[in-house]
1. Would you calculate a helix-derived [θ] at 222 nm for the chain, using -39,500 (n - 2.57) for each DSSP H run of n ≥ 4 and dividing by the full residue count, to the nearest 500?
2. Mind listing which chymotrypsin sites (Phe, Trp or Tyr not before Pro) in the range 151-241 are in a DSSP loop and have 14 or fewer other Cβ atoms within 10 Å?
3. Which residues' amide hydrogens lie under 5 Å from the amide hydrogen of residue 135, considering only partners 5 or more residues apart or on another chain, with H built in the peptide plane?
4. Suppose the chain between residue 241 and residue 321 were pulled fully straight at 0.36 nm per residue; how much longer would it get relative to their current alpha carbon spacing?
5. Using just the alpha carbons, could you tell me how many Å³ per residue the convex hull of the range 1-132 encloses?
6. So for the range 40-101, Kirkwood radius off the Cα pairs, Stokes-Einstein at 4 °C and 1.567 mPa s: how many µm² s⁻¹?
7. Per 0.36 nm of contour for each residue apart, how much would the distance between residue 9 and residue 111 grow if the chain were fully extended, relative to their Cα-Cα spacing?
8. What is the range 158-259's relative contact order, in percent, from Cα pairs under 8 angstrom and six or more apart in sequence?
Amino acid sequence: MEKIESSKLKILISFLGTGNYQKVKYQLNGQSFESDLSILPINEYFKPNKIYIIGTKDSRWEMVANLNYERLEIPAGKSADEFWQMFDLFRKNITVGESEVAFDITHCFRSIPFFVVIFIQFIKFMEKSTEVSHIFYGILDQKTNESQIIDLRPVLDLLDWMEAIASLKKYGDLDDLCLLVEKTEKQARKQGVKQLRLANLKKELKQLTDITKMTYVPQLGEISEVLKQLLDDEILREETKIYLRPLSLLLPELKEMIGRFKKPTEWEAQLEAAKWYLENKKPSQALLVLREAIVTFKCLASGVDPYEREKREEVEKKLGEAVKSKSQDPLHKLWDKVTQLRNKVAHALMKRRENIDPDRSIRKVNELISEAESVMKEQKHGS
């Protein structure tokens, strides 16, 4: 069992039931302790600065009389209402900010362990400075009268991965995934493992995240190609199986995501990026990228390098002039609609009396992306 060294205040939160607890031989981190409660060997091993013991009014409080602890009585958890009472009691009476916290759920009763896991997730969400380092649980072998205390911390790691996967699927957000890869890579280095491909993965994922946040769309294709080659690397695949098993399930999804941005032309890649931003609940960025996709399309159609700023600005100017002259060209009409909506969204905060319907604007962005795809593909084939 890995012992996490920390300079933070150490807090142990333990549970006490109503059982007929007998002396057993507890095994923890290679050491043997004879005790009738798990909290005693855990206290010796973890060495907390503060202890909370949680139980009902009928718990065996007399068995912890010699410990210095803070007592918290809770209901038995027999109904939804009692679970909410427990939640309020935990929240009001347990202070864990700026600390390292360990839980001992060996003597938990009924469904309390499930509640504890949920509460731990709540702590991690609300108290960013809190580090949950251990969830201790003693498994009693009736034949030998020995109890092996294990650390269920990997359960929380798995929940972290579930959150990272949810963020990726819902919002295309790679932040949580980057943090997990970085954390795992650091742990491997502490164990003496060097030159992991995971270090490269961490770096490239971070770069992809920053690029998508800042809407640096021209760089998406380049970073996508680097990531694709990395994800195809056999050594990286083996490393994920050893150190990041949940990530191996995500690799196909990551490859699909980055593969979207590899298109024959820049405008097609930008149009795909606009779709991706909209799908991932970022309509303002989708609209911004859509506008740039139209300019890029017109640049390429005119034989102009879309990345030469002065020439690109000239193309934008000509698009604006075409709109002013009431051109009926579908591309010019599209440009007019996109720029109007973009300006409306960009200056919404400056117009107090103008009500903007967000849902309607999002639907409009979707319609404009579909229209742009149709117009530009038609003009591309017609040229």
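Quick note: the coordinates plus some simple rules give every number you see, no bench work behind them. Everything quoted here is computed from the prediction, not taken from an experiment. For neighbour counting, all protein chains shown are included, and Cβ atoms are generated from backbone atoms with ideal geometry for every residue, glycine included.
1. Rounded to the nearest 500, the figure is -19000 deg cm²/dmol.
2. Details: sites: 161, 171, 216; in loops: 216.
For chymotrypsin sites (Phe, Trp or Tyr not before Pro) across the range 151-241 that sit outside H, G, I, E and B with at most 14 neighbouring Cβ atoms in 10 Å, the list reads 216.
3. Long-range HN contacts for residue 135: 103, 152, 153.
4. Fully extending the segment from residue 241 to residue 321 adds 23.1 nm.
5. 109 Å³
6. 98 µm²/s
7. On the way: separation 102, 0.36 × 102 = 36.72 nm, distance 2.89 nm.
My answer for the length gained is 33.8 nm.
8. Details: 74 pairs, mean separation 25.8, N = 102.
Value for the range 158-259: 25 percent.
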